[in-house]
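Student: Following this message is one structure expressed as structure tokens.
The values are calculated or read from the model by the stated rules, or taken from the named source; none is laboratory data. None of the values given here were measured: they were computed from a predicted structure. Don't worry about glycine lacking a Cβ; one is built from the backbone with ideal geometry, like all the others, and counts go over all protein chains shown.
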Amino acid sequence: MEWFQTFLVLSVAGSLLAGILLALKRWTGKQFSPTWQYVLWVGVLLVMVVPVSVKVPALVQPLQEKQVVQTVPLPAEQTMTEQPAPVDTVEAPAGEILPFTEETALPPVPWWDVLAVLWVLGALGSLGYRLTGYFRFGRYIRRTGKPMELAGVPKRLRVYETSAAVSPMVMGILRPTLILPETALTESRLPYVLCHELVHYRRGDIFWRWLAVLATSIHWFNPVVYVAAAQMQEACEISCDWCVVRSMERAKRDDYMRVILELLAEAMAKKQILTTQMASEKKQLQRRFTMIRNQKPVGMKKLLLSVCVGTAFLGAAWLTGCTLRETYVTKEQKVETAAEIGGLAEEGSLLFVGVDDRGSADAIFTYEMSQEGKATIYSIPRDTFIADGQRISALLAEENGDEKMIQTVSEITARPVKDYVRMDLTAVEAVIDALGGVTFTVSQDMDYDDPYQNLSIHLQAGEQTLSGKDAVGLLRYRKGYPEGDLKRIEVQQAFLLELFRQKCNPAYLKEIPAVMDAIKGHVTTNLIVEDVVKYGEELYHLKQNGMDAVEMYTLQNGDMYYETAQEGGGMSLFAGQSADALTNDDTFAKEQPALVPVGQ
């Protein structure tokens, strides 16, 4: 889709430039040479075809300056209990998204993707149709044409005589060929025909004809590109005439015009594409003959003026296309993949926060790779109490929630946070689907429905390949565990290990663009693509070592567990003594101990 957006922007830029040239054509036609007109129309088509970008400091932010963007809706926390409660529909402030409802859960129609597919089909169809006719004509010429050798024609340029050609022409870039109809071989016509076609050959005009066909194929939906291509081809013929007759006497100019008229009268209606042709349409003849009759030497002042104006226009054309692409396409991609997050350190861990449909932090863990190549993952239960009876899961609903989450986790783990990823359930589902699912052994049957939390979990025990939706259900399920959330964390950690084992492979690096595209609008992070690749390489090296260098821990504070009044409710714990979190074995336990409610 990025290519479609790129060429859509270039199509707009080229249309604007073509409009300017058309508006000034009457004036520029009197002031500047036909070659000047030709070069400028070639420049317009180049802008529309070549997707080159350039960074302009005044308009485009450098890549290192990551743009601020909010991509995940964070509605206010509605309830912190496990008791289902109705969700009130409220009007969201400007710039925010309404809380999750069944209607908003429906995936939007990917119109950009649909348009991109239609564009590709149209471009391939247009180009394929023209190339088919071109190669078919070329094969016919080689099969039926008569090879010739003419004095004054370069050896590299093959010459064929054929009755199939409508007029003299040059075709082919790698193997250029001069095609001459039988009517062009008379003694009075041949010298003028060769002069005209050899100018096309020496200037490489056939290459720019290919450019015109490529431009009209890529921008088949834009009528302006056909006008620009026609103007370029007309300017090509007129400038070729200008080069041929500038050293001729008046009588020879008249003979030259007579040859053009005779060839036009004898030409068939059928035309060949991707060629240069001496006989053009009738409507061009008046302009060509006017130029031939009135051709005069160009003075030095006018030559310098034409060079300066032409250079300025081509520079502006190139800069316009580059800047528009950088501004509306490349910059958009950066904004959607990088956010400016406060409270991050230069060194430290990666903090991942999975957000449920109510905007609460549902999964919290940190990841860090040591210099010795050892990876450590610390999970923090969502119901951890932090201060004044507040659970850590509610932090994101507050103002500057991301910064508060980073600060709180840094205090709990006694480690700074360097990178941050906040991802909602839609993104988790999209990532797993983009990677082709994950094979995992489900420990028990899971059946749970809660429409208020958009939960509908139905999994059977046993090994199976989990889709994105099933994986999200597995990661959110906790009602059926006696240990509540702590058992769920154990399952989440096991799922992470399987995800690493199965998907940390160089073969999946090519899926990163698809993954990044799938999670647009559902992730807030300071990471850019290069950072994602770096973490992927780290995990791949871990896999090469058999994942033995991965250690997982869960925040536990001994006798500080708290059991809710609900039957089978989730466990909560206090984080009041967390300053030495990473150094106390009783705070982070590798194995889950049996849970004992307070007072027993």
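Student: Scan region 178-192 for residues that are in contact with an Asp or Glu (Cβ under 8 Å, 6 or more places away or on another chain) and either modelled with pLDDT under 80 or under 14 Å from Arg258 (Cβ atoms) (or both) and jot them down.
Tutor: Glu182, Thr183, Leu185, Ser188, Arg189, Tyr192
Student: Output the qualifying pairs, or none if there are none: Cβ atoms under 9 angstrom, residues six or more apart or on different chains, first residue in region 437-462 and closer than 26 Å to Cys504 by Cα and not assigned by TED's automatic domain parsing to the domain that holds Gly359, second residue among the β-branched types (Val, Ile, Thr) and exposed (fewer than 13 other Cβ atoms within 10 Å of the Cβ).
Tutor: Final answer for the pair search is Gly437/Thr465; Val438/Thr465; Thr439/Thr465; Phe440/Thr465; Ala461/Thr441; Gly462/Thr441.
Student: Condition (residue is touching a His at 6+ places or on another chain (Cβ under 8 Å) and buried (at least 17 other Cβ atoms within 10 Å of the Cβ)) applied to region 174-183: is it met by at least one residue?
Tutor: no
Student: Assess whether Ala251 counts as being surrounded by 21 or more Cβ atoms within 10 Å (Cβ to Cβ) and in the same structural domain as Val117 (by TED's automatic domain parsing). Don't jump to the end; show me each part of the working.
Tutor: Details: surrounded by 21 or more Cβ atoms within 10 Å (Cβ to Cβ): no; in the same structural domain as Val117 (by TED's automatic domain parsing): yes.
For Ala251, the condition - surrounded by 21 or more Cβ atoms within 10 Å (Cβ to Cβ) and in the same structural domain as Val117 (by TED's automatic domain parsing) - is not met.
Student: All but one of (1) modelled with pLDDT of 65 or more; (2) of a type outside the set (Gly, Ala, Ser); (3) surrounded by fewer than 21 Cβ atoms within 10 Å (Cβ to Cβ) hold for Thr327; state the number of the condition that does not hold.
Tutor: Failing condition for Thr327: (1).
Student: Right, Ser393: in the same structural domain as Ile489 (by TED's automatic domain parsing), under 34 Å from the mean Cα position of the chain (by Cα), modelled with pLDDT of 85 or more and crowded, with 22+ Cβ neighbours inside 10 Å or not?
Tutor: Against the criterion (in the same structural domain as Ile489 (by TED's automatic domain parsing), under 34 Å from the mean Cα position of the chain (by Cα), modelled with pLDDT of 85 or more and crowded, with 22+ Cβ neighbours inside 10 Å), Ser393 does not qualify.
Student: Here is a follow-up. Does region 207-233 hold any residues that are among the aliphatic types (A, V, I, L, M) and surrounded by 21 or more Cβ atoms within 10 Å (Cβ to Cβ), and which are they?
Tutor: Initially, region 207-233 is screened for residues among the aliphatic types (A, V, I, L, M), giving 211-215, 218, 224-225, 227-230, 232.
Once the filter is applied, which keeps residues that are among the aliphatic types (A, V, I, L, M) and surrounded by 21 or more Cβ atoms within 10 Å (Cβ to Cβ), region 207-233 yields Ala212, Ala215, Ile218, Val225, Ala228, Ala229, Met232.
Student: Glu411: at pLDDT 90 or above and either in contact with a strand residue (DSSP E or B) (Cβ under 7 Å, 6 or more places away or on another chain) or among the charged types (D, E, K, R) (or both), yes or no?
Tutor: It is false that Glu411 is at pLDDT 90 or above and either in contact with a strand residue (DSSP E or B) (Cβ under 7 Å, 6 or more places away or on another chain) or among the charged types (D, E, K, R) (or both).
Student: Same structure, new question: Would you list the strands (runs of 3 or more DSSP E) that sit entirely within region 448-554 and hold 3 or more residues that are surrounded by 19 or more Cβ atoms within 10 Å (Cβ to Cβ) and modelled with pLDDT of 75 or more?
Tutor: Ranges flagged: 523-525.
Student: Okay, next question. Within the group Ser410, Ser379, which residue is in a helix (DSSP H, G or I) and either in contact (Cβ under 8 Å) with a residue 24 or more places away in the chain or small (Gly, Ala, Ser) (or both)?
Tutor: Only one candidate passes the filter, namely Ser410.
Student: Sticking with this one: Restricting to region 353-376, what's the tally of residues that are in a loop (DSSP other than H, G, I, E, B), in contact with a helix residue (DSSP H, G or I) (Cβ under 8 Å, 6 or more places away or on another chain) and farther than 15 Å from Val421 by Cα?
Tutor: Let us first name the residues in region 353-376 that are in a loop (DSSP other than H, G, I, E, B), namely 356-360, 370-374.
Adding the requirement that they be in contact with a helix residue (DSSP H, G or I) (Cβ under 8 Å, 6 or more places away or on another chain) leaves 356-360, 373.
Imposing the further condition that a residue be farther than 15 Å from Val421 by Cα reduces the set to 357-358, 373.
Looking only at that region, the number is 3.
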